[in-house]
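Structure first, then comments.
None of the figures in this text is laboratory data; all of them are computed from the coordinates on show. What you see is a predicted model, and the numbers here were worked out from it, not measured in a lab. When we count neighbours, we look across all protein chains shown, and the Cβ atoms used for this are built from the backbone with ideal geometry, even at glycine.
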Amino acid sequence: MYQLKPFLLGAISSGMLLTLSYYVFTIYEENKEYRRVLLSDESVDHWSDEALGGRFDRNRKRRHLKVSPLDNKKDCNGQTYLSLKYKYKKDGGVTFKSCSLSDKVVDEVSAITENMKGGRAQDMYHGDDNVLNLAIDRDTVEFIGYIHDRGAFPFQTLNFRVGTQQKTHSDIVHFDTLPERGLMSAAWVALEDIHPDSGPLVWFPGSHKLGYWDFDELGLRIELSSLELTMVKDYEIYERKVEETIEKLGLKPSYAILKKGESFIWSHSLLHGGSAVNNKQLTRKSQVTHYYLTGATAYWQPRNSIPSLGKITYKCEVPTCTESDHTNCLENIHDAFKKRKMMSVDFNLPWVNAMCKVK
Ligand SMILES: O=C(O)CCC(=O)C(=O)O
């Protein structure tokens with residue numbers, strides 16, 4: 001009996017030690033995964049310096065997690081901002097519920113969207129206060145800024161009455177920034193409870209890590225015999241290439257079956273589109289707002305550019321919100337549009353659109 005006691009005590013303490021080690025190891029591994037995802041930077045180099053002529057800023061990999069006072073703030077679904085940021089970085093998209101977005105604004109925009117001609121309207125925020133209020137909703141703008149460690153400001157709204165059935169694409173093919181690429185994000189707000197048969201937004205978790213997905217990145221310009229900007233043809237080839245890649249990699253779709261007032265926030269390179277509308281009687285009222293993030297000095301359209309050949313088509317109609325005048329800029333977004341200026345565009349280059357010249 002006396003000999004058994006130390007043996008039992010030893011066994012119990014070894015067991016406890018093993019359990020403790022297991023927990024410490026699990027926490028360590030979770031923490032490592034958390035850090036890995038939060039520190040990863042999906043916009044680091046994909047192209048060579050020679051190809052880009054030194055236009056892109058590569059020195060921005062962070063070593064330390066940034067601690068923000070917003071980390072523990074919760075969205076109106078009760079999720080902490082930090083956990084949502086983790087999901088966003090890992091998957092490229094996340095569902096968010098703003099606490100500052102009122103039912104009244106959502107209902108007003110829903111009514112406008114219900115009644116608009118043609119079922120699709122771009123940039124209604126220029127003329128309609130409710131559409132604008134939704135685009136500059138305090139929590140949404142703050143959250144998008146928070147997940148990117150930047151200020152966010154809207155540059156385009158799209159309202160849809162029904163499912164778009166738009167083919168899968170990423171936004172970076174249309175909008176991009178310089179000198180740092182990918183300072184862009186979007187929020188898709190449900191203006192009603194989304195029905196699975198109404199053609200919900202479809203997206204491919206993790207696809208934002210596959211690269212920039214623009215024409216140059218995919219080698220499409222090189223594939224075409226003529227390097228002229230045959231946009232329509234290029235776009236069809238792009239869409240096919242995206243479809244083929246999804247199939248080849250076996251990427252699994254997710255659907256944004258959101259409740260009214262929730263939004264789906266996605267990253268510049270996330271592959272997404274409109275899924276099939278199975279019931280044509282159903283509406284799918286939504287507003288997409290595209291946001292730039294502060295820090296860019298020029299904006300360009302990858303779809304109409306061949307950067308590896310030094311041909312870049314710049315985008316001119318952009319409000320130049322900066323980190324220091326961000327709040328003021330949001331409140332006066334239309335003035336910011338008027339004062340637009342493209343600070344670091346090299347206007348001597350023949351392909352720079354003349355419209356972009358600083359007035
Ligand atoms: O709402 C949709 O079905 C697609 C919207 C979209 O792809 C976009 O705005 O970039």
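Going by average Cβ neighbours within 10 Å, how do the peptides 297-308, 282-293 rank, with the highest at the top?
The packing order, highest mean first, is 282-293, 297-308.
What full-extension length gain, to one decimal in nm, is calculated for Ile257 and Asp107 as 0.36 nm per residue of separation minus the Cα-Cα distance?
52.2 nm
Among Asp325, Asp216, which comes first, then next, by fewest other beta-carbon atoms within 10 Å?
Sorted ascending by nearby Cβ count, the order is Asp325, Asp216.
Determine, from the Cβ-Cβ distance of Tyr22 and Ala276 and an R0 of 51 Å, the FRET efficiency 1/(1 + (r/R0)^6), rounded to the nearest 0.05.
Efficiency computed from Cβ-Cβ geometry: 0.65.
Excluding Ser98 itself, calculate the net charge of residues whose Cβ lies under 11 Å from the Cβ of Ser98, where each Lys or Arg counts +1 and each Asp or Glu counts -1.
-3
Could you list Asp123, Asp149 so that the one with the fewest beta carbons within 10 Å of its beta carbon is first and the one with the most is last?
Ordered by Cβ neighbours within 10 Å, fewest first: Asp149, Asp123.
Net charge around Asp193, counting only other residues with Cβ within less than 9 Å of its Cβ (Lys, Arg = +1; Asp, Glu = -1)? Walk me through the intermediate numbers first.
Working: positive: Lys259, Lys260; negative: Glu192.
So the environment of Asp193 carries a net charge of +1.
Quick check for you: which residues of segment 141-169 have the amide N under 20 Å from the point 7 Å beyond the Cα of Glu243 toward its beta carbon?
Output list for this probe position: 163-169.
So if each residue of separation counts as 0.36 nm, and I subtract the Cα-Cα distance between His334 and Asn72, what length gain in nm does that give? Kindly include the intermediate steps, with their values, before the conclusion.
Numbers: separation 262, 0.36 × 262 = 94.32 nm, distance 3.29 nm.
So the chain would gain 91.0 nm between His334 and Asn72.
Compute the signed sum of charges (Lys and Arg +1, Asp and Glu -1) over the other residues within less than 10 Å, Cβ to Cβ, of Ala121. It would help to have the intermediate numbers written out before the result.
Working: positive: Lys117, Arg120, Arg161; negative: Asp123, Asp128.
Here the charged neighbours net out to +1.
Can you tell me the length gained on complete extension of the stretch Ser13 to Gln165, counting 0.36 nm per residue apart and subtracting the Cα distance? Present the calculation step by step, with values, prior to reporting the outcome.
Working: separation 152, 0.36 × 152 = 54.72 nm, distance 6.12 nm.
Full-extension gain reported as 48.6 nm.
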